[in-house]
Amino acid sequence: MKRIAIVGAGMAGLSALGALTKQGHVVTLFDKSRGSGGRMASKKVGNASWDMGAQFIRAHDADFMNTLHQWQRLGWIGEWAASPHVINANGIHLSDDNITRYVGLSRMTALSRQLLAPANEFIPSTRIVSCQRTDSEWLLTDENDQHYGPFDSLIINTPPQQALPLLENSHLAAAINDVEMLPCWTLLLAFHERIDTPVDAAFVHDSAIAWLARNNSKPQRDAGETWVIQASHAWSKEQVNAPREDVLQTLEQAFYSALGVQANVAVEHWLHRWLYAVPANPLGDGALFDADRELAVCGDWCQHGTLEGAWLSGQQAASYF
Ligand SMILES: Cc1cc2nc3c(=O)[nH]c(=O)nc-3n(C[C@H](O)[C@H](O)[C@H](O)COP(=O)(O)OP(=O)(O)OC[C@H]3O[C@@H](n4cnc5c(N)ncnc54)[C@H](O)[C@@H]3O)c2cc1C
């Protein structure tokens, strides 16, 4: 039995947590945010709520597929029956994909709360700024100079830019340096009235937008009319430092134009900039391990930029201990 610290309670860290506790280890998780889930985030403003980060979960890998079925049986996730459209210069068409898409019930973050349950301790609102290895133990320090530990082993589950300062002198830093994370501007809108379109979700081309979805078309969501609008990574990169008001106006306009509907009066607007949304060049390595220091690093960027990639990375990190 080891005492293991995980910095970052995103899907990869939570996946590692589940595997490690099954092996009998005692795990403490830290996150700088108020809750768990990372980029599997949800947002509530007034009476409106949205999945602000990851929109749905899909599986290619057999183990992950089995895990999704298990989560579905537990009532943690459900199938989202929407058939996505494709919107491009030729108009609006149903996409020919027949993928099963799952979503957290009743929001994406709720899944992370379930996955967190086996933790010995979850310490939120705590940004770890330094991880120090003595002869055989790890000591962690947060931005308020609070110390935590000792731990036998450490897993870092943060985006690469946030992992680098925590790696002290580990050789793993070299592999991480070149991973680029792409940004994504995300606009959340709520309306009094239903937007009159058969489209519940769409991949959008030839536009500032890459994805739009009627959040309330997902199972067990609030009934109010809510939409998630994600800019393309290319547009987000170009406009990464643009004034928020300009970004909001452009994306809202592009949304009406993509759906071919009259501009409507949104009752809530929320704009979020994901600086580290998805990896441009994931390592495809599962997870990284420094055996001398009992240190693993995991995250979607170690494997593939999806929840599935993050989950697989967490499983790989846990297998090192
Ligand atoms: C807008 C958007 C849409 C997406 N859509 C989809 C989708 O539809 N389907 C899909 O499969 N994937 C999607 N993804 C990708 C998916 O969200 C990610 O691949 C996955 O959530 C990454 O999980 P992770 O554990 O690797 O990292 P994260 O979720 O980023 O978790 C890292 C955690 O580390 C914490 N942290 C960072 N630094 C510190 C520190 N110093 N101290 C303490 N805590 C720290 C962060 O707060 C965070 O909670 C989307 C992502 C975005 C942004």
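If a residue must be surrounded by fewer than 17 Cβ atoms within 10 Å (Cβ to Cβ), near the ligand (Cβ under 9 Å from one of its atoms) and among the polar types (S, T, N, Q), how many such residues does the range 113-129 contain?
Total satisfying the criteria: 0.
ALA12 fails exactly one of the following numbered conditions: (1) among the aliphatic types (A, V, I, L, M); (2) open to solvent by less than 30 Å² (accessible area, probe 1.4 Å); (3) not assigned by TED's automatic domain parsing to the domain that holds PRO118. What is the number of that condition?
(3)
Scan the strands (runs of 3 or more DSSP E) fully inside the range 55-106 and keep the ones with 2 or more residues being at pLDDT 95 or above and open to solvent by less than 70 Å² (accessible area, probe 1.4 Å).
The strands (runs of 3 or more DSSP E) meeting that bar are 77-79, 85-88, 102-104.
Of the residues in the range 38-54, how many are open to solvent by 30 Å² or more (accessible area, probe 1.4 Å) and assigned to a loop (DSSP other than H, G, I, E, B)?
Qualifying residue count for the region: 4.
Quick one: in the range 290-314, which of the residues that are more than 10 Å from the ligand (Cβ to nearest atom) and open to solvent by 60 Å² or more (accessible area, probe 1.4 Å) is nearest to HIS25 (Cα to Cα)?
Residue satisfying both the conditions and the ranking: ALA291.
Looking only at the range 147-154, decide whether some residue is under 19 Å from GLY38 (Cβ atoms), touching a strand residue (DSSP E or B) at 6+ places or on another chain (Cβ under 7 Å) and modelled with pLDDT of 95 or more.
The answer is yes, given that some residue of the range 147-154 is under 19 Å from GLY38 (Cβ atoms), touching a strand residue (DSSP E or B) at 6+ places or on another chain (Cβ under 7 Å) and modelled with pLDDT of 95 or more.
Just checking, does the range 172-185 include any residue being of a type in the set (S, T, N, Q) and within 16 Å of the ligand (Cβ to nearest atom)? Steps first, answer last, please.
Step one: filter the range 172-185 for residues of a type in the set (S, T, N, Q), giving 177.
Those left that are additionally within 16 Å of the ligand (Cβ to nearest atom): none.
So far as the range 172-185 goes, no, none of its residues is of a type in the set (S, T, N, Q) and within 16 Å of the ligand (Cβ to nearest atom).
Name the residues in the range 16-49 that are under 22 Å from ALA223 (Cβ atoms) and away from the ligand (no atom under 11 Å from the Cβ), would you?
SER42, LYS43, LYS44, VAL45, GLY46, ASN47, ALA48, SER49
Of the residues in the range 2-51, how many are free of Cβ contacts under 8 Å to residues at least 24 places away in the same chain and within 23 Å of HIS304 (Cα to Cα)?
Counting residues in the range 2-51 that are free of Cβ contacts under 8 Å to residues at least 24 places away in the same chain and within 23 Å of HIS304 (Cα to Cα) gives 0.
Quick check on the range 17-37. Is at least one of its residues of a type in the set (Gly, Ala, Ser) and buried (at least 23 other Cβ atoms within 10 Å of the Cβ)?
For the range 17-37, residues of a type in the set (Gly, Ala, Ser) and buried (at least 23 other Cβ atoms within 10 Å of the Cβ): present.
Which members of the range 262-289 meet the condition of being touching a strand residue (DSSP E or B) at 6+ places or on another chain (Cβ under 8 Å), within 16 Å of the ligand (Cβ to nearest atom) and either of a type outside the set (A, V, I, L, M, F, W, C) or in a loop (DSSP other than H, G, I, E, B) (or both)?
Once the filter is applied, which keeps residues that are touching a strand residue (DSSP E or B) at 6+ places or on another chain (Cβ under 8 Å), within 16 Å of the ligand (Cβ to nearest atom) and either of a type outside the set (A, V, I, L, M, F, W, C) or in a loop (DSSP other than H, G, I, E, B) (or both), the range 262-289 yields HIS272, ARG273, TYR276, PRO279, ALA280, ALA287.
Do you know which residues across the range 89-109 are free of Cβ contacts under 8 Å to residues at least 60 places away in the same chain and out of contact with any helix residue (DSSP H, G or I) (no Cβ under 9 Å at 6 or more places or on another chain)?
The answer is ASN90, GLY91, HIS93, LEU94, ASP96, ASP97, ASN98, ILE99, ARG101.
Taking the range 1-22 on its own, how many of its residues are of a type outside the set (A, V, I, L, M, F, W, C) and in contact with a Lys or Arg (Cβ under 9 Å, 6 or more places away or on another chain)?
To start, the set of residues in the range 1-22 that are of a type outside the set (A, V, I, L, M, F, W, C) comprises 2-3, 8, 10, 13, 15, 18, 21-22.
Then drop every residue that is not in contact with a Lys or Arg (Cβ under 9 Å, 6 or more places away or on another chain), which leaves 8, 10.
Selection size over the range 1-22: 2.
The values are calculated or read from the model by the stated rules, or taken from the named source; none is laboratory data. Keep in mind that this is a model prediction, so the values were computed, not measured. In this analysis, Cβ positions are derived from the backbone assuming ideal geometry, glycine residues included, and neighbour counts consider all displayed protein chains. Calculation scope for accessible area: heavy atoms of the full protein, side chains included, ligands and nucleic acids excluded. Shrake-Rupley method; radii C 1.70, N 1.55, O 1.52, S 1.80 Å.
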